[in-house]
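*Asks:* Dropping the structure in here first, questions after.
The values are calculated or read from the model by the stated rules, or taken from the named source; none is laboratory data. A quick note: this is a predicted structure, and the numbers were derived from the prediction, not measured. FYI the Cβ positions are ideal-geometry reconstructions off the backbone, even for glycines, and counts take in every protein chain you see. What goes into the accessible areas is simple: the full protein's heavy atoms, side chains included, and nothing from ligands, DNA or RNA. Shrake-Rupley method; radii C 1.70, N 1.55, O 1.52, S 1.80 Å.
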Amino acid sequence: MTALYTRFISAIIFPLQEYFKKHDSVRRRRQLEQSQWLPLEKLQQLQNHNLQRFITQLYQQVPYYRSLMQQHSLTPEAIQTAADLSKLPFLTKALISEHFTTLKAGNAGELKRFNTGGSSGQPLIFLLGNERVSHDVAAKWRATRWWNVDIGDKEIVAWGSPIELNAQDKARIWRDRLFRSELVPAFDLTEDKLLSFLQQIRDVKPRMLFGYPSVYHLLAQTAQRHGIAMNNLGIKVVFVTSERLYPYQRELISSVFGAPVANGYGGRDAGFIAHQCPHGGMHLSYEDIIVEIVDAQGQVLPAGQAGEIVVTHLATSEFPFVRYRTGDVGTIATNSCSCGRSLPLLESIEGRSTDFVMAADGTMMHGLALIYILRDISGITAFKIVQESLSLTTVQVVWQQGELPADIRQQISSGLQARLGQNVDIDVQQCDEIKPEKSGKYRYVISKVTAV
């Protein structure tokens, strides 16, 4: 009966929803499930074809790229393969902010405003259209089906974005019930809430857990500490994303929940870049996304060498992401996966990781709970939060409009105190820039309080 219900949702109800939303995700997913088995040479030809069409669209419809290509004496015919992308400059968050209006295609349909979680300290505002959403849905859908999990199977999602959590109106609630998907906040994780979360998982017996690796690692620790058995629920996969997955997290999560852990790499801005298959390979979404690895000077590196991950998303013709600098470090593998899919692999991903922080009363919460407070304040261009102790948190803020206003200081202080405790001292420091760690990487939420 459960399998029949899933097929009913996956084959009829979800396609109807996507049709009324004007999404092309169903057809696109079917295409992706065919193209993943093509010989690599054929797959490269497909990517080149998609790239050429994409660049032509940008030249014709996007003022920013038409002007940029003309400045560099380029026509669409000059970019035939991924290697030709190096003729174009990189795209950064600052450039997107500066040229926001001219990055919108003249023939764009309805676009929705989105912004990143701000874990980089510099939240990005951008636009998404149906084309991009359809391709992202299809990429994730293909990846979960690798693990024999389909839309309509029971899932529990641990998430932290207020965008999702505040959208729980009646229609959304009924839709999630229909699709058997339950969304759980990943913010105020007290011991009682963690135990309640574990009980919810036990009651639902989901086929898939989805969300932050740090949350499921914390849940695994809690289950282990209380002797709660979680490995007999029929969970097929724990799909984690949005943070770097550490080996110790994978090991404990898999052991406690009795299921493999599948890593996903990407973001709200750059799209779903890579997903892990049951054979262990982190497959690139190669048909839609071109990944370059570049060194400190911006030169493209060959497979096998580590550098910054730069992404071109070929389904963003309405608001393009071309050679977008992610700030993450990774390596493209030189080998192929034993699963037989020709999709190239990411060998390593050294992505940013967000810490947990602890409130004065002992409540453990995701660092994003603090990030969102600063992210939503217009005028803050970068920030860094350091929890020095349970009674003191330092906030470094880059404010380029003169002296940081007193009401903005108060907004930051009251926002963080609402999370951490009213008696916690919030030391707001205005600075000219946010400096990286000694390693050269940036961390924007650091807790010096002893972790659980």
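*Asks:* Kindly provide the set of residues from region 319-348 that are crowded, with 20+ Cβ neighbours inside 10 Å and among the aliphatic types (A, V, I, L, M), ordered by number.
*Replies:* Selection gives VAL322, ILE332, LEU343, LEU345, LEU346.
*Asks:* It is to be established whether one or more residues within region 204-227 are closer than 12 Å to ILE156 by Cβ, outside any helix (DSSP H, G or I) and open to solvent by 50 Å² or more (accessible area, probe 1.4 Å).
*Replies:* yes
*Asks:* Output the number of the condition that THR312 fails; it satisfies all remaining conditions of (1) at pLDDT 90 or above; (2) surrounded by fewer than 22 Cβ atoms within 10 Å (Cβ to Cβ).
*Replies:* Here THR312 clears every test but (2).
*Asks:* Looking only at residues that are within 27 Å of THR363 (Cα to Cα) and of a type in the set (D, E, K, R) in region 412-434, which one is most open to solvent (accessible area, probe 1.4 Å)?
*Replies:* ASP425
*Asks:* Scanning for something at pLDDT 95 or above and within 29 Å of TYR372 (Cβ to Cβ), does region 326-335 turn up at least one residue?
*Replies:* no
*Asks:* At pLDDT below 85, surrounded by 15 or more Cβ atoms within 10 Å (Cβ to Cβ), of a type in the set (S, T, N, Q) and in a loop (DSSP other than H, G, I, E, B): which single residue out of SER353, SER439 fits that description?
*Replies:* SER353
*Asks:* Now a separate question. Restricted to region 256-271, and to residues that are in a loop (DSSP other than H, G, I, E, B) and open to solvent by 10 Å² or more (accessible area, probe 1.4 Å), which residue is nearest to SER348 (Cα to Cα)?
*Replies:* For region 256-271, the residue satisfying everything is PRO260.
*Asks:* For region 282-302, give me the residue count where each residue is buried (at least 17 other Cβ atoms within 10 Å of the Cβ) and out of contact with any Pro (no Cβ under 9 Å at 6 or more places or on another chain).
*Replies:* Residues in region 282-302 being buried (at least 17 other Cβ atoms within 10 Å of the Cβ) and out of contact with any Pro (no Cβ under 9 Å at 6 or more places or on another chain): 8 in total.
*Asks:* What strands (runs of 3 or more DSSP E), lying completely within region 272-341, carry at least 1 residues that are more than 17 Å from the chain's Cα centre (by Cα)?
*Replies:* The strands (runs of 3 or more DSSP E) meeting that bar are 289-294, 307-313, 321-332.
*Asks:* For the list (1) open to solvent by 20 Å² or more (accessible area, probe 1.4 Å); (2) touching a Gly at 6+ places or on another chain (Cβ under 8 Å); (3) not small (Gly, Ala, Ser), I need the number of the one condition that ARG409 fails.
*Replies:* (2)
*Asks:* Could you list, ordered by first residue, the pairs with Cβ atoms under 6 Å in which the first is in region 279-299 and within 12 Å of GLN36 (Cα to Cα) and the second is modelled with pLDDT under 95, at least 6 apart or interchain?
*Replies:* SER285/PHE272
*Asks:* Scanning for something open to solvent by less than 10 Å² (accessible area, probe 1.4 Å), in contact (Cβ under 8 Å) with a residue 60 or more places away in the chain and in contact with a helix residue (DSSP H, G or I) (Cβ under 7 Å, 6 or more places away or on another chain), does region 240-247 turn up at least one residue?
*Replies:* No, region 240-247 contains no residue that is open to solvent by less than 10 Å² (accessible area, probe 1.4 Å), in contact (Cβ under 8 Å) with a residue 60 or more places away in the chain and in contact with a helix residue (DSSP H, G or I) (Cβ under 7 Å, 6 or more places away or on another chain).
*Asks:* Shifting gears a bit: State yes or no: is PRO260 within 21 Å of GLN47 (Cα to Cα) and at pLDDT 95 or above?
*Replies:* No: the conditions fail for PRO260.
*Asks:* Moving on. Among the residues of region 356-399, count how many are farther than 22 Å from PRO213 by Cβ and part of a helix (DSSP H, G or I).
*Replies:* Number satisfying all stated conditions: 2.
*Asks:* A further question follows. Applying the selection to region 373-386, what residues are crowded, with 20+ Cβ neighbours inside 10 Å and in contact with a helix residue (DSSP H, G or I) (Cβ under 8 Å, 6 or more places away or on another chain)?
*Replies:* ILE373, LEU374, ILE380, PHE383, ILE385
*Asks:* Is it true that some residue in region 172-183 is open to solvent by less than 30 Å² (accessible area, probe 1.4 Å), modelled with pLDDT of 90 or more and either under 30 Å from ILE96 (Cα atoms) or part of a loop (DSSP other than H, G, I, E, B) (or both)?
*Replies:* Within region 172-183, none of the residues are open to solvent by less than 30 Å² (accessible area, probe 1.4 Å), modelled with pLDDT of 90 or more and either under 30 Å from ILE96 (Cα atoms) or part of a loop (DSSP other than H, G, I, E, B) (or both).
*Asks:* Have a look at THR81, THR144, THR116, THR102 and point out the one that is at pLDDT 95 or above and under 16 Å from the mean Cα position of the chain (by Cα).
*Replies:* Step by step, each of THR81, THR144, THR116, THR102 is checked, and only THR144 is at pLDDT 95 or above and under 16 Å from the mean Cα position of the chain (by Cα).
*Asks:* Here's something else I'd like to know. Can you name the helices (runs of 4 or more DSSP H) wholly within region 1-118 that have at least 1 residues being buried (at least 17 other Cβ atoms within 10 Å of the Cβ) and among the β-branched types (Val, Ile, Thr)? Full working, then the answer.
*Replies:* Details: elements: 2-8, 14-20, 25-35, 40-61, 63-71, 93-98.
Per the criteria, 2-8, 25-35, 40-61, 93-98.
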